[in-house]
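Novice: Just passing along the structure, written as structure tokens.
Read-outs throughout are calculated quantities, based only on the coordinates presented, and are distinct from any laboratory measurement. Just so it is clear, the model here is predicted, and its values are computed rather than measured. When we count neighbours, we look across all protein chains shown, and the Cβ atoms used for this are built from the backbone with ideal geometry, even at glycine.
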Amino acid sequence: MRTRTTAAALITASLLALTACSNEYTADDCAAAITDTSTKTNRPIECQDISDEDYETLILGHILKNDGILPTE
């Protein structure tokens, strides 16, 4: 009985750990969510977990692409 309970607990913990990793937004998600109304304090939801420095870099890249300085992909 303890073996089954332990196995079930390990499987459940593994599945929860794998699922939790996929819920986090990445820098690519953040870059795709940035619009012309995004500011330093008005971040899209996808950018909440990104560091301030990375977010500022993504905002700058968005501005440079809109101004035609950087090529769009």
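Novice: Please list, by residue number, everything in the range 25-41 whose backbone N is under 18 Å from a paramagnetic label point 7 Å out along Cα→Cβ of ASP52.
Specialist: In the range 25-41, the label zone of ASP52 (backbone N under 18 Å from the point 7 Å along Cα→Cβ) covers 39-41.
Novice: Let me ask you something else. In nm, to one decimal, how far is the ASN42 label point from the ASP29 one, both placed 7 Å along Cα→Cβ?
Specialist: My value for the distance between the label points is 2.3 nm.
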